[in-house]
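Undergrad: This structure is in structure tokens; I'll ask about it shortly.
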Amino acid sequence: MMKIRWLIKSIVLTGMLFLIVSFSSAQIDRVEPPNWWLGFKNTRLQLMINGTGIGTTTPSILYNGVNLKAFHRSESPNYLFLDISIAADTSPGLMKILFTTEDGNEISYLYPLKIRERLSEEFLGFDSSDVVYLITPDRFANGDPEINIIPGLLEKNISREDDYARHGGDIQGIINHLDYIASMGFTAIWPTPLLINDMPQSSYHGYAMTDFYKVDPRFGNLENYIMLSKKASEYGLKLIMDQVANHCGANHWWMSDLPFKDWVNFQSDYEEGAEAKVTNHRRTVNQDLYASKADKDLMNNGWFVPSMPDLNQNNPFMANYIIQNSIWWIETLKLGGIRQDTYPYPDKEFMSRWAGSIMHEYPKFNIVGEEWTYNPLLVRYWQQGISNSDGYESNLKTTMDFPLQRTLIEALNAEENWDSGLGKLYEGLANDFAYHDPSSILFFGDNHDMDRLFTQLNEDVVKTKMALAFIIFAPRIPQIYYGTEVLLSNSDNPGDHGLIRSDFPGGWENDSVNAVTGEGLKRKQKEMQEFTRKLLNYRKGSTAIHTGKTTHFAPKDGVYVIFRQNKDEIVMLILNKNEIPYTLNLARFNEMNLIGNKFKDILTSKEVILKKDLQLKDNGVVIFSKKSN
């Protein structure tokens, strides 16, 4: 005799709801995506239904304008996949889905179809007019101490003394600091992942997700995440979501009952308890004309680390799942962009489809993909519009400029010679001829995975200012890591990722140092913060820096001069490595029409009429601007 279960679920105001009680041997535990919207260009939707025995039922849909085109049973009896078509004139409401069991009983599920609050063209992605503030949420600010520890989750400890434990930062902490972020001159925020990582250790970093539709309760909940987006928008800040298409965490809910035999790569090894096959990290196989099949397969199919199962995007149901998940978060959070982690690791044809599907739906949106390479040819390959020899089109507008980042650090640290120093930075920027759109590339001095900028530059304040100035004024989308503006460092233990992600000063109650109020900051920290604030707030209103022409002159005698200009404005950036006074002859720059014209010093706010010679008393940064009346 079949076991009878009562299936009861209440209708939730957010609309995630949805069972009508029925006697059945099957049950529904989750439906993903949990809701959908009307009015998309793509009128198809694929629902994943999960629950004990649900795969043995036969589904049907009773809703005007919606057709169940097909349904698919998986190799596990606990999944169904429904292919749905939604007509343009469909009305919003709760769509009834019936699941008929083998013994004739029915389960009725009410699925929310919503009206979109914003048209596709109104989703504006980040671009070269923006400056992105990268945040590690657990280490930024603790706004709700009551959620520091959540019973039932695997990692139960919290300790600010442990670099690799959770420290308690959360979404409310970010919300509480939005006024500071905006006042500094940033226009976009990129928090590292906020979705649940129910992993036994180092769960704070966020990249081993265990549910792609659930916010980590130690960060807050979905309502908090939506509020972050809303409040950020009120401060003129776009919200960029960090997503992962390549892998999940080993404790993801589906790992105990995978729907298909190929849901994750090397799945049979996992199910047999064998050691995980880890990727070789040879990302060049995506472009290499001579790469072996064995190297390609291990690169794309190997697990990133043993605790992160590699998702198989060649499974069509997985592919649809990832694409729809991204769109669901764009709509839910009104995102201003996506940062896609480990971009070259998934199947590259899928990534082209993923990015293309999103950009087709949201033509003014933007996505940045992480390709950690110091080879500009590889960065070039992943940017849309490039005529690649293999015909590959990525549909990805923005890539990350690791090559220029490394060149910047090496140039500032090196002695000035013909083949080292600022000349290398000049040549690095000259590589822009290879890119389809250099101004759409994300440029940075550091991030959550590399030594702090101040550490990389041997805690030299002047060089750090030079680096930030170049990042802010180069033809790029600048990104600055939280705390760089107050010289956070990891010099006590270079390479230590936990220390790289140090706590933001003042993010916790009773912190003795507070970067927002200035309390406890050293003089050089305050100077760096004010330097950053002046440059960013100037940049915010400078169309010449956003979209203007770039002209640079080959460095000479340890001085590198770059111009950004349009018909309304010219900005002159001088990077000077001379530690003794130096006279810069401006006649060399006659084509820029400097001599005899009045300029404003952005850092001092003083006006100066430029003459033939400019006296540079100190090493560091000088920035002049002139706007048309």
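The values are calculated or read from the model by the stated rules, or taken from the named source; none is laboratory data. All values reported here derive from a predicted model rather than from experimental measurement. Virtual Cβ from ideal backbone geometry, glycine too; neighbours counted across all protein chains shown. Remember, those area values only see protein heavy atoms, side chains included, never the ligands or the DNA or RNA. Shrake-Rupley method; radii C 1.70, N 1.55, O 1.52, S 1.80 Å.
Undergrad: I'm checking my understanding of the structure. Among residues of region 184-211 that are open to solvent by less than 10 Å² (accessible area, probe 1.4 Å) and among the aromatic types (Phe, Trp, Tyr), which one is farthest from Pro151 (Cα to Cα)?
TA: Phe186
Undergrad: Out of region 164-178, which residues are free of Cβ contacts under 8 Å to residues at least 40 places away in the same chain and under 13 Å from Gly507 (Cβ atoms)?
TA: Matches in region 164-178: Asn176 only.
Residue-wise test of (1) in contact with a Lys or Arg (Cβ under 7 Å, 6 or more places away or on another chain); (2) surrounded by fewer than 19 Cβ atoms within 10 Å (Cβ to Cβ); (3) on the phi > 0 side of the Ramachandran plot.
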residue: Pro259; (1), (2), (3): no, no, no
residue: His281; (1), (2), (3): no, yes, yes
residue: Val285; (1), (2), (3): yes, no, no
residue: Ala291; (1), (2), (3): no, yes, no
residue: Lys296; (1), (2), (3): no, yes, no
residue: Tyr321; (1), (2), (3): no, no, no
residue: Ile330; (1), (2), (3): no, no, no
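Undergrad: For region 23-53, how many residues meet the condition of being polar (S, T, N, Q), more than 16 Å from Ser326 (Cα to Cα) and assigned to a strand (DSSP E or B)?
TA: Total meeting the criteria: 2.
Undergrad: I've got another one for you. Tell me, which residue of region 475-489 that is farther than 16 Å from Thr398 by Cβ and part of a loop (DSSP other than H, G, I, E, B) is most open to solvent (accessible area, probe 1.4 Å)?
TA: For region 475-489, the residue satisfying everything is Ser489.
Undergrad: Residues that are in contact with a Gly (Cβ under 7 Å, 6 or more places away or on another chain) and either within 25 Å of Thr547 (Cα to Cα) or not in a strand (DSSP E or B) (or both): does region 586-605 have at least one? Step through it out loud before you land on a result.
TA: Looking only at region 586-605, we keep the residues that are in contact with a Gly (Cβ under 7 Å, 6 or more places away or on another chain), and these are none.
The answer is no, given that none of the residues of region 586-605 is in contact with a Gly (Cβ under 7 Å, 6 or more places away or on another chain) and either within 25 Å of Thr547 (Cα to Cα) or not in a strand (DSSP E or B) (or both).
Undergrad: Same structure, new question: Can you pull out the residues in region 410-429 that are open to solvent by 50 Å² or more (accessible area, probe 1.4 Å) and in contact (Cβ under 8 Å) with a residue 60 or more places away in the chain?
TA: Glu416, Tyr426, listed by residue number.
Undergrad: Please find, among Met299, Met318, the residue that is under 22 Å from Leu80 (Cα atoms), in a helix (DSSP H, G or I) and of a type outside the set (D, E, K, R).
TA: Going through Met299, Met318 in turn, the sole match is Met318.
Undergrad: Quick check: is even one residue across region 558-568 of a type in the set (Ser, Thr, Tyr) and in a helix (DSSP H, G or I)?
TA: Within region 558-568, not a single residue is of a type in the set (Ser, Thr, Tyr) and in a helix (DSSP H, G or I).
Undergrad: Which pairs have Cβ atoms under 6 Å, sit 6 or more apart or on different chains, and link a residue in region 473-491 that is under 19 Å from Asp138 (Cβ atoms) and among the aliphatic types (A, V, I, L, M) to one that is open to solvent by 10 Å² or more (accessible area, probe 1.4 Å) and not in a helix (DSSP H, G or I)?
TA: Listed pairs, sorted by first residue: Leu488/Ser502.
Undergrad: If you check every pair at least six apart or on different chains, which have Cβ atoms under 9 Å apart with a residue in region 53-64 that is on the phi > 0 side of the Ramachandran plot first and a residue that is small (Gly, Ala, Ser) and modelled with pLDDT under 95 second?
TA: Gly53/Ser24; Gly53/Ser25; Gly53/Ala26
Undergrad: Looking only at region 145-183, count how many residues are crowded, with 17+ Cβ neighbours inside 10 Å and either part of a loop (DSSP other than H, G, I, E, B) or aliphatic (A, V, I, L, M) (or both).
TA: Of the residues in region 145-183, 17 are crowded, with 17+ Cβ neighbours inside 10 Å and either part of a loop (DSSP other than H, G, I, E, B) or aliphatic (A, V, I, L, M) (or both).
Undergrad: Next up: Quick check on region 390-400. Is at least one of its residues touching a Ser or Thr at 6+ places or on another chain (Cβ under 7 Å), among the β-branched types (Val, Ile, Thr) and touching a residue at least 12 places away in the same chain (Cβ under 8 Å)?
TA: Yes, the conditions are met somewhere in region 390-400.
Undergrad: Still on this structure, I have one more. Please verify whether Leu521 is touching a Leu at 6+ places or on another chain (Cβ under 6 Å) and without any contact (Cβ under 8 Å) to a residue 60 or more places away in the chain, treating the condition exactly as stated.
TA: no
Undergrad: Could you tell me whether any residue of region 79-91 is under 18 Å from Ile28 (Cα atoms), of a type outside the set (A, V, I, L, M, F, W, C), open to solvent by less than 50 Å² (accessible area, probe 1.4 Å) and in contact with a helix residue (DSSP H, G or I) (Cβ under 8 Å, 6 or more places away or on another chain)?
TA: Yes, region 79-91 has at least one match.
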